[in-house]
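**Q** Structure in structure tokens, see below.
The values are calculated or read from the model by the stated rules, or taken from the named source; none is laboratory data. All figures in this text were calculated on a predicted structure; none of them were measured in a lab. Here the Cβ is made from the backbone with ideal geometry for all residues, glycine too, and neighbour counts use every protein chain on show. Calculation scope for accessible area: heavy atoms of the full protein, side chains included, ligands and nucleic acids excluded. Shrake-Rupley method; radii C 1.70, N 1.55, O 1.52, S 1.80 Å.
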Amino acid sequence: FHEDGRVYLNRTTERYDAVYLDAFKSFYYVPHHLATREAMLEVHRVLADDGVACMNVLGRLEGEGSELFRAFHATASSVFARVRVFAVRNPDDGSLNQNICQIFDDDILQSKPGHSLLEQRATLQGP
């Protein structure tokens, strides 16, 4: 499709097995209308019952520069039962600027602590 993603999400009646969001050009420009809870609710609406959504975000997993990633993670977590996180370049270096792939779904049977990189890191580092 060649149109604004949010416009398409708002008008479509189709359901999809997968939705991939990768509209982010840099660390400094984010199309905010795709990063809201309302947008995530629209993504959820168009997914098939066993569908999955994926969002690529540029940023850091922790520390200064992780605010954007953490905001997206919190927003997706408020809509989907499970959000898994995969740091593409180096999952062991949370301070590294890199592509971070987040996978969202409602697979409640598989939604248990320790599945996401973020949960694994929190478990290892403690409160």
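**Q** Please list LEU41, LEU68 in order of solvent-accessible area, largest first, computed with a 1.4 Å probe with all protein chains present.
**A** Most to least solvent-accessible, the answer reads LEU41, LEU68.
**Q** Please give the contour-minus-distance gain from ASP107 to GLU38: 0.36 nm per residue of separation, less the Cα-Cα distance, rounded to one decimal in nm.
**A** On the way: separation 69, 0.36 × 69 = 24.84 nm, distance 2.07 nm.
So the extension gain works out to 22.8 nm.
**Q** Report the full-extension gain for the segment SER78 to ASN10: residue separation times 0.36 nm, less the Cα-Cα distance, to one decimal in nm. Walk me through the intermediate numbers first.
**A** Values: separation 68, 0.36 × 68 = 24.48 nm, distance 1.91 nm.
The span from SER78 to ASN10 would gain 22.6 nm if fully extended.
**Q** I would also like to ask the following. Hey, rough spin-label estimate for ASN90 and ALA71, points 7 angstrom out along Cα→Cβ, what's it come to in nanometres?
**A** Spacing of the two 7 Å Cα→Cβ label points: 2.6 nm.
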